[in-house]
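Report on the following structure.
The values are calculated or read from the model by the stated rules, or taken from the named source; none is laboratory data. The structure presented is a predicted model; accordingly, all values stated were derived computationally and were not measured. Neighbour counts run over all protein chains shown; Cβ positions are idealised from the backbone, glycine included.
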Amino acid sequence: MAFTARLPAEAVRVLCDRLEVRLPAAIALPPAGFEADVMTQLRRNGWIDAQGDVEGRLAAALRVLDRPDHLVEAIRHVGSKTHAALAVAGRRAVKILLSGDRIQVRRIQPGGLADQAATLLPNLSAGQGRSVSVPTDALQAAAKEAGNDIAALQSALQRHGVSPAIAHLTAKMNADVVSTAQFSVAVATKDRRMRRGDHVIGWWANNTGGYLAEQHKSSSGESWTTIAPSDTARLARQIDRQLHLLTGSVH
């Protein structure tokens, strides 16, 4: 059975300070609070021994998160909000989830990191529509003007130069959103610095299925956003593609 630890976030803060490790940016820990009380609880639950040493499996997991070779971070809004990070270092891999003030740390398989990241979300089929690309500046300006009004989004996109057909499809694929998430990746360089991917993968779902949004640069340097229907497998492929591209750029 895979090692799993469930702890209050403030307890993980104390453990990280004790081990002198830092967690990925997606996992924002609260201040330690009254450390003596936290230490008493950690000892009672077996996470710190009488000599003050952190339980071996948990210490190893936190060190993987501190110095990963490959990292996927996610923030999901599926029901409640959850922050997540999946890290691989050598033959070890760890997933950490932060929901409210509770943290779960779990050993996972070191292979198929993108597939495991995609399983943070519901297993949905691709939503209706087709892939479209829109100038990022136009999309952001239109979204700011329209707020949550989908009809207003379509009109605003057209005012910013997007064709009526593309504006209609873009608005339709963004209608009635019930869940959202975003994913980012990073890999370690030879000097152990973490290099991040050049864009975040956005995901959302409505009652027709799932969608992805990614930014990319045109040959002229203009930023475009591509929105496309996506099932879980496509999401995993896009995360994996970013990891491979980034790995190739640092080695």
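Looking at THR40, THR82, which is the one that is surrounded by fewer than 21 Cβ atoms within 10 Å (Cβ to Cβ) and in a strand (DSSP E or B)? Steps first, please.
Numbers: THR40 fails: in a strand (DSSP E or B).
So the residue among THR40, THR82 that is surrounded by fewer than 21 Cβ atoms within 10 Å (Cβ to Cβ) and in a strand (DSSP E or B) is THR82.
Looking at the structure I just gave you, is ALA28 part of a helix (DSSP H, G or I) and either under 20 Å from the mean Cα position of the chain (by Cα) or more than 25 Å from VAL200 (Cβ to Cβ) (or both)? Explain how you work it out, then say what you get.
Values: part of a helix (DSSP H, G or I): no; either under 20 Å from the mean Cα position of the chain (by Cα) or more than 25 Å from VAL200 (Cβ to Cβ) (or both): yes.
Spelling it out, it is not the case that ALA28 is part of a helix (DSSP H, G or I) and either under 20 Å from the mean Cα position of the chain (by Cα) or more than 25 Å from VAL200 (Cβ to Cβ) (or both).
Which ones in segment 103-132 are basic (Lys, Arg) and either exposed (fewer than 14 other Cβ atoms within 10 Å of the Cβ) or farther than 25 Å from ALA25 by Cβ (or both)?
Of the residues in segment 103-132, the ones basic (Lys, Arg) are 106-107, 130.
Answer for segment 103-132, where residues must be basic (Lys, Arg) and either exposed (fewer than 14 other Cβ atoms within 10 Å of the Cβ) or farther than 25 Å from ALA25 by Cβ (or both): just ARG130.
What do you reckon, is ALA156 surrounded by fewer than 16 Cβ atoms within 10 Å (Cβ to Cβ), part of a helix (DSSP H, G or I) and outside the structural domain of ILE75 (by TED's automatic domain parsing)? Quick ask: steps written out before the conclusion?
On the way: surrounded by fewer than 16 Cβ atoms within 10 Å (Cβ to Cβ): no; part of a helix (DSSP H, G or I): yes; outside the structural domain of ILE75 (by TED's automatic domain parsing): yes.
No, not satisfied.
With ALA114, ALA61 as the choices, which residue is under 15 Å from ALA181 (Cα atoms), part of a helix (DSSP H, G or I) and modelled with pLDDT of 95 or more? Before you say what the answer is, go through the steps one by one.
Details: ALA61 fails: under 15 Å from ALA181 (Cα atoms).
Criteria check complete, one pass: ALA114.
Using the structure shown, decide if ALA138 is over 27 Å from ASP240 (Cα atoms) and either outside any loop (DSSP other than H, G, I, E, B) or not β-branched (Val, Ile, Thr) (or both). Please lay out each step first, then the result.
Values: over 27 Å from ASP240 (Cα atoms): yes; either outside any loop (DSSP other than H, G, I, E, B) or not β-branched (Val, Ile, Thr) (or both): yes.
In short, yes.
May I ask you to list the residues in segment 194-237 that are of a type in the set (S, T, N, Q), over 15 Å from VAL134 (Cβ atoms) and without any contact (Cβ under 8 Å) to a residue 40 or more places away in the chain? Give the steps one after another, and end with the answer.
We begin by selecting, within segment 194-237, every residue of a type in the set (S, T, N, Q); these are 206-208, 215, 218-220, 223, 225-226, 230, 232.
Those left that are additionally over 15 Å from VAL134 (Cβ atoms): 206-208, 219-220, 230, 232.
Passing the criteria: ASN207, SER219, SER220.
Given the condition touching a Ser or Thr at 6+ places or on another chain (Cβ under 6 Å), in a helix (DSSP H, G or I) and in contact (Cβ under 8 Å) with a residue 40 or more places away in the chain, answer yes or no: does some residue in segment 173-182 qualify?
No; the residues of segment 173-182 include none that is touching a Ser or Thr at 6+ places or on another chain (Cβ under 6 Å), in a helix (DSSP H, G or I) and in contact (Cβ under 8 Å) with a residue 40 or more places away in the chain.
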